[in-house]
Structure formats: structure tokens, C-alpha cells
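Right, one structure below, let's go through it.
The values are calculated or read from the model by the stated rules, or taken from the named source; none is laboratory data. Since this is a predicted model, take the numbers as computed values, not measurements. We place every Cβ from the backbone using ideal geometry, glycine too, and count neighbours over all the protein chains shown. Side chains are part of the model used for accessible areas, which takes the heavy atoms of the whole protein and leaves out ligands, DNA and RNA. Shrake-Rupley method; radii C 1.70, N 1.55, O 1.52, S 1.80 Å.
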Amino acid sequence: MVYLRLKSLTTLSKFRFISLLIIIIMIAAPAALRDPYITHILTLGSIYAIFAMSWDILMYTNQLSLGHSFFFGLAAYLTALLNSIYKVHPTLSVLAGVAVTAVVGLGLSIPFFKLRGAYYALAMAGLAEIATLTVKAYSDVTGGEEGIRGITPFTTNYLGNYYIAFSVMLASLIFLYYIAERSRFSLIFKAIRDDEMAAKSLGIVVHRYRLLCLVLGATFAGLAGSIYATYLTIVNPNVLAIVPTTALVVTMGMVGGVHTIIGPALGAYIVIFLNSFFRIAEIVRLLAYGLTAILILLFLPGGVIRYLSRAIDYLSKAGRV
């Protein structure tokens, strides 16, 4: 018993050490390299990591959303409107966008209460499509296809924007990982995910925890969308669209590994890097990017995080030999 406890503590300490090392590298590398383009990629990676984690938290209770871009785009547009038209401070604009998106997520629990599986996925996809068409139709307010420009950023310094996005991503990761994997909700989420009927028979009020995940997913998707708007200083209907926005976040989750929180965050950086890397060959960019994503899904079916965990375990065992 003592040996097993020491073994688990050793593995945990190594995991924490590797996590701390990655955080230090992510903090130091942009300042050391001072390359605006690389920093831009990492900033986008951090924003999309928040978005990907917000999608993954829904998956803990089997709420596959094919319209998660609705929350992302809604907050982005609210932030843009408040900031550019009403001249509200960026911080207050972001907070307002996140708050409204959380309330909308709570409200959606009423009409979507009984929807499951494909029905829920299609309902969310329809919602995102309706929002996209609405934004295009009311061009006097939303700018139509051109979108809204002239949004005031937090800062014009590229390193400053990166550290803001990374700090928010790290705080979101810690919070969502604790809720999904370390809190008292963890076993309940897993019970619902594995067998909803069995969970109900044990007295678990399933809709209450689905609601919790929906509100968390909406809130953090809104947070990502609001930061996205203030960083790029422009939003257009693409932020609400199923393709490319929802398709992108689903790819990030699958590449990184669903039901892990950390996996989709890692997947976001991988997908954003691949997307940027293949821009050097614009003609074949989409083909090369899609083919690479398919190969990852085929040969790493559990996501990158599963095989990374196995590598850490292997190195831990090798170190004890």
C-alpha cells in the first residue's frame, strides 16, 4: 500500500514538473524569440484552446454540439458592438459579452431540455446557422458580410496580447480541469457519459448536470469569442458559422483527445500551428491540413493527450529501473 502511494505521488510529481516546464517555456519563448508572427500563432492558439475546452466540457455529459460557434460568435459580436459603437472599455465589453452568453446558455436549457444525441447536435447546428443568417440580414447594425471593425484592443503590443490570452487560457484550464476531473462532479459526469439510465437509477438528477455543463460551455466559449474580438479588432459572420468555426473546434477536440480538458487545449495549438504552417503552400493548404488531421485521427484515435500520457508513464517506469 505504501509503495503504491509513493508510486502515484512520483507519477503525479513528474506530471506536475512537466506541466510547470511547459508553462515556463510558453511564458519565456515569445519574449525570447520576439517574433510577431510566432507570437500571433501562439495567441490564437491560446484563444482557441479556451474555445476547445468549452466544447469538451459539454462532451462530459454527452452533449455533442455542432453549433458551439453560436456562443463564440454571440459574445464576439456583443463585445464588438459595445466596444466599437458605444465605446465601452474592452474589459467591460468582454465581461458583458461573457455574462450575456452565460445567461443565453442557461436559457437554452429550457427548449433543449429533452434533446439527446443527434437531435441535440442538429438543434445547436440550426441555432448557429440562424444566428449567421440574422447577422448577415441586419447589416445596418452588424456590418453584414464585412462585419464590425475598429474594435479597441486591450493593448497594441503583440507580447501583451499574448500574455493576456495565455493567462486567461491557463486560468480556464485549471478551473475546468478541476471541475471535470478533480471535483465531486467528476464521477457524476462519468456516470452520465457512460450510462445515463444507470445514472438516473442511482438518483442522479441528470438534467441538472447537463445544465451545469451547458452553462460552463457557453460561458467559456463566450470568453474565447470576446477575447478573439478584442485581439483581432474585427468580427464577421464566420465566427458564428458551423464551417469553419465549429468544424475547427471539433477537430481540435478530436486531435487533442475528448473528455480530458487538457487534450482539446493541446489540440488547439496543434491545429492552429498546422493551419498556419500550410499557408506557405496556399494552393494545397486545405488538402494538406485536412489530410494531416485525418492521419492524426486514424493513427492516434484517442487523441494526442492519451499517447503523451503513455509516454510520461513509460519514462516514469524507465526512471525507476
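Which peptide among 251-258, 129-136, 99-106 comes first, and what is the full order, when sorted by highest mean count of other Cβ atoms within 10 Å?
Ranking the peptides 251-258, 129-136, 99-106 by packing returns 251-258, 99-106, 129-136.
Could you tell me the accessible area of Glu146 in Å² (1.4 Å probe, neighbours in place), rounded to the nearest ten?
That residue has around 120 Å² of solvent-accessible surface.
Please report the carbon-and-sulfur percent of the accessible area for the stretch 38-141; probe 1.4 Å, protein heavy atoms only, DNA, RNA and ligands left out.
75
Counting alpha carbon pairs within less than 8 Å and at least 6 residues apart, what relative contact order, in whole percent, applies to the chain?
For the chain, the relative contact order is 32 percent.
Of the accessible area of the stretch 144-221, with the probe set at 1.4 angstrom, what percent is carbon plus sulfur?
For the stretch 144-221, the apolar C and S fraction of the accessible surface comes to 61 percent.
Karplus couplings for the stretch 120-131 from phi (6.51 cos²θ - 1.76 cosθ + 1.60, θ = phi - 60°), rounded to Hz, Gly and Pro as x?
5, 4, 5, 5, 5, 5, x, 4, 5, 5, 4, 4
In whole Å, what is the distance between the alpha-carbon centres of the stretch 131-171 and the stretch 25-51?
18
When the helices in the chain are scored as -39500 (n - 2.57) per DSSP H run of 4 or longer and the sum is shared across all residues, what 222 nm value do you end up with, to the nearest 500 deg cm²/dmol?
-24000 deg cm²/dmol
Probe of 1.4 angstrom, ligands and nucleic acids ignored: what's the accessible area per residue over the stretch 158-247, in square angstrom?
42
Express in Å², to the nearest 10, the accessible area of Phe299 obtained by rolling a 1.4 Å probe over the protein heavy atoms while all chains stay in place.
Result for Phe299: roughly 150 Å² accessible.
Run the 1.4 Å probe and let me know the accessible area of Ile294, rounded to the nearest 10 Å².
Number for this one is 90 Å².
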